[in-house]
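> Okay, handing you the structure first.
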Amino acid sequence: MMKGVNMVLENIMKRMIYVVLVGLIGISILVEKANAVRGMDGGFIGIYQGDKKAWTAERWGKELGYLQSVGMNTAVISTAVYNTTAFYSGCSLAGSTTLDDTLTKILDYGDAHGMKFIIGLYAESSSWSQYGQTSSYLANLCKTSKKVCDDVWSQYSSRPSLAGWYIPQEIDNLNWTTEADRNTLVKNYLRPLSDYCRAKDTTKLVSEAPFYNDNLQSAADYGTWWNKTLADCTSLNLLIPQDGIGAAHADYTTVQSYFNAFKTACTTHHRVLWADIEAYESLSNQGPTSIGRLTTQINVVDPYVTGITCWEYYSCLSPLRALSCMTLYNRYDEYVNGVNLAKGKTYSALPAPHASYADDGIKLTDTLYPYTWASQVGWQNPGTYPVVIIDLGAVKSFIGEVRAHCMRSDGSGVYAPQSITVSGSSDGLNYQTWGSALCSSPDNGYINIYDLKWLNAEARYVKLEFIPDSRNAFTMVNDILIRQGTGMVPVELSSFEAE
């Protein structure tokens with residue numbers, strides 16, 4: 001979707017250029033990475049779902065770091081207040097309860113790492129219920145949302161990671177199709193709220209994520225609806241329509257028709273169009289879809305938009321949530337960043353690991369790295385530094401990255417390595433040192449990533465020498481990745497996606 005102003009300029013620019021909103025939006029929106037495939041630029045995070053409200057700053061750092069590792073440098077935070085739960089301190093809404101200062105943790109990370117966040121306003125479970133179309137309901141919802149906007153602005157207006165606002169009530173093509181209903185929505189909610197948000201800072205985004213069902217209204221008619229609405233709501237400068245694939249509200253042909261209509265309306269009124277692709281399998285299965293379907297969705301909407309997001313990142317792609325999500329994340333990681341040459345390859349590990357954390361010959365190259373004892377290969381205060389040598393099976397050129405996933409659990413005497421010395425060899429005898437893989441902040445209670453990037457190396461054998469913590473402790477490793485180049489299309493993809 002969008003990258004931080006400084007980081008973006010370093011990492012993208014090869015395929016597309018900035019899109020500046022109406023000449024006034026000061027946030028730079030870049031949408032392609034410097035490789036041959038189209039990836040996602042950001043993701044929605046349903047902040048009210050699951051246990052996110054209890055996450056520590058370290059936990060948020062790990063999650064958002066994984067997003068950035070696959071080029072997703074913008075996140076849309078679904079809502080700042082949900083029902084009576086506020087995700088920031090000092091909420092001015094009567095009866096609200098602050099369970100955790102979550103927005104502060106998120107924006108702290110963004111400020112430090114060049115990530116951007118679009119913050120959702122007020123949402124409640126009864127939105128768009130039987131009262132959703134009445135003027136009084138909409139006016140009250142607008143009033144409440146303005147208070148949330150004021151709260152967030154008063155606390156976070158100086159934050160460079162605050163990119164704008166998200167209006168979380170999703171507009172559909174069922175409840176608002178008549179001109180009378182559209183006027184009610186515009187007059188009492190969309191126009192006054194978007195104007196209010198935009199007045200805080202004209203360089204910020206004001207966004208909405210509509211959805212549609214292709215059985216209810218034609219793409220042309222829905223495009224006309226949005227053409228009128230954008231003319232009426234001049235401060236609503238970003239649309240992020242849902243593609244409808246996960247919800248079975250559309251097929252790939254109708255997706256193109258609807259997004260072409262959205263594009264026409266946005267182009268007419270000089271607004272920006274992104275896509276929100278549904279990464280979940282179905283309405284009855286909110287877990288991750290396949291890599292083949294995900295990449296197809298990306299490529300179908302790509303011609304019409306300048307940014308691509310997904311719903312919902314954590315429940316579908318987060319490697320910290322479940323093995324099924326980790327699997328999709330790893331396949332997607334290969335898709336955007338390059339093939340993992342180490343996947344399934346044989347290796348040696350010396351000295352012999354501790355018997356309680358023995359190696360079974362596949363743990364370190366199975367692409368799985370959950371925070372469990374059974375997944376670890378571990379050494380206790382070894383007399384020599386632990387060494388893992390991976391045999392890629394043949395000499396491979398253009399090796400671009402070596403990555404290791406290591407556990408840290410201070411309470412159990414498991415400390416993160418100081419560093420990992422990485423070297424390569426074509427014959428298994430003569431090794432050339434490539435450098436040291438480092439982890440800038442190996443947090444306690446997590447799997448930590450050690451990376452050596454930007455290589456242009458050639459080898460059959462890749463050696464990792466783990467420099468343990470100086471304390472008498474365990475060193476635990478549970479996955480190693482060796483990436484070749486960028487933009488290599490995984491074999492799981494169909495011929496359509498590989499084109």
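> Residue under question is Tyr304, and the condition is that it be touching a residue at least 12 places away in the same chain (Cβ under 8 Å) and either within 15 Å of the chain's Cα centre (by Cα) or within 24 Å of Phe466 (Cα to Cα) (or both); does it hold?
no
> Among the residues of segment 412-429, are any crowded, with 18+ Cβ neighbours inside 10 Å, of a type in the set (Ser, Thr, Tyr) and within 16 Å of Gly378 (Cβ to Cβ)?
Scanning segment 412-429, I find at least one residue that is crowded, with 18+ Cβ neighbours inside 10 Å, of a type in the set (Ser, Thr, Tyr) and within 16 Å of Gly378 (Cβ to Cβ), so the answer is yes.
> Residues in segment 364-379: is at least one over 31 Å from the mean Cα position of the chain (by Cα) and part of a loop (DSSP other than H, G, I, E, B)?
There is no residue in segment 364-379 that is over 31 Å from the mean Cα position of the chain (by Cα) and part of a loop (DSSP other than H, G, I, E, B).
> Ok, one more. Say whether the condition of being among the small types (Gly, Ala, Ser) and over 27 Å from the mean Cα position of the chain (by Cα) is met by at least one residue in segment 211-219.
Scanning segment 211-219 turns up at least one residue that is among the small types (Gly, Ala, Ser) and over 27 Å from the mean Cα position of the chain (by Cα).
> Of all the residues that make up segment 414-470, how many are assigned to a loop (DSSP other than H, G, I, E, B), under 23 Å from Leu392 (Cβ atoms), without any contact (Cβ under 8 Å) to a residue 40 or more places away in the chain and not hydroxyl-bearing (Ser, Thr, Tyr)?
Looking only at that region, the number is 4.
> Going by what's in this entry, would Asn340 be described as farther than 17 Å from Arg38 by Cα and buried (at least 22 other Cβ atoms within 10 Å of the Cβ)?
Taking the combined requirement at face value, the residue satisfies it.
> In addition: I'm checking my understanding of the structure. Among residues of segment 260-279 that are out of contact with any strand residue (DSSP E or B) (no Cβ under 7 Å at 6 or more places or on another chain) and not polar (S, T, N, Q), which one is surrounded by the fewest Cβ atoms within 10 Å (Cβ to Cβ)? Before you say what the answer is, go through the steps one by one.
In the first step, residues of segment 260-279 are kept if they are out of contact with any strand residue (DSSP E or B) (no Cβ under 7 Å at 6 or more places or on another chain); the result is 260-261, 264-265, 267-270.
Still in the list and also not polar (S, T, N, Q): 261, 265, 269-270.
Numbers: Ala261: 23, Ala265: 21, His269: 18, His270: 13.
Within segment 260-279, the match that is surrounded by the fewest Cβ atoms within 10 Å (Cβ to Cβ) is His270.
> Sticking with this structure for a sec: Please verify whether Pro353 is touching a Pro at 6+ places or on another chain (Cβ under 7 Å) and closer than 18 Å to Asp469 by Cα, treating the condition exactly as stated.
no
> Same structure again: More than 25 Å from Leu273 (Cβ to Cβ), assigned by TED's automatic domain parsing to the domain that holds Glu208 and loosely packed, with under 15 Cβ neighbours inside 10 Å: which single residue out of Ser324, Ser356 fits that description?
Numbers: Ser356 fails: assigned by TED's automatic domain parsing to the domain that holds Glu208.
So the residue among Ser324, Ser356 that is more than 25 Å from Leu273 (Cβ to Cβ), assigned by TED's automatic domain parsing to the domain that holds Glu208 and loosely packed, with under 15 Cβ neighbours inside 10 Å is Ser324.
> Which count do you get for residues in segment 387-397 that are surrounded by fewer than 18 Cβ atoms within 10 Å (Cβ to Cβ), hydrophobic (A, V, I, L, M, F, W, C) and touching a Ser or Thr at 6+ places or on another chain (Cβ under 7 Å)?
Adding up the residues that qualify gives 1.
> Continuing with this model, one more query. What number of residues within segment 367-386 are surrounded by 15 or more Cβ atoms within 10 Å (Cβ to Cβ) and either in contact with a Lys or Arg (Cβ under 8 Å, 6 or more places away or on another chain) or on the phi > 0 side of the Ramachandran plot (or both)?
Residues that pass the stated criteria total 4.
> Would you confirm whether any residue within segment 80-93 is surrounded by 21 or more Cβ atoms within 10 Å (Cβ to Cβ) and closer than 28 Å to Asp333 by Cα?
no
> Another question, if that's okay. Would you confirm whether any residue within segment 191-208 is surrounded by 18 or more Cβ atoms within 10 Å (Cβ to Cβ), assigned to a loop (DSSP other than H, G, I, E, B) and either among the hydrophobic types (A, V, I, L, M, F, W, C) or in the same structural domain as Ala265 (by TED's automatic domain parsing) (or both)?
Taking every residue of segment 191-208 in turn, at least one turns out to be surrounded by 18 or more Cβ atoms within 10 Å (Cβ to Cβ), assigned to a loop (DSSP other than H, G, I, E, B) and either among the hydrophobic types (A, V, I, L, M, F, W, C) or in the same structural domain as Ala265 (by TED's automatic domain parsing) (or both).
> What is the residue count in segment 458-490 for residues that are under 16 Å from Asn340 (Cα atoms), at pLDDT below 95 and small (Gly, Ala, Ser)?
2
> Go through segment 211-221 and give me each residue that's surrounded by fewer than 21 Cβ atoms within 10 Å (Cβ to Cβ) and assigned to a loop (DSSP other than H, G, I, E, B).
Matches in segment 211-221: Phe211, Asn213, Asp214, Asn215, Leu216, Gln217, Ser218.
The values are calculated or read from the model by the stated rules, or taken from the named source; none is laboratory data. As the structure is a computational prediction, the values presented were derived from the model and not from experiment. Ideal geometry is used to build each Cβ from the backbone, glycine not excepted, and the neighbour counts take in all protein chains shown.
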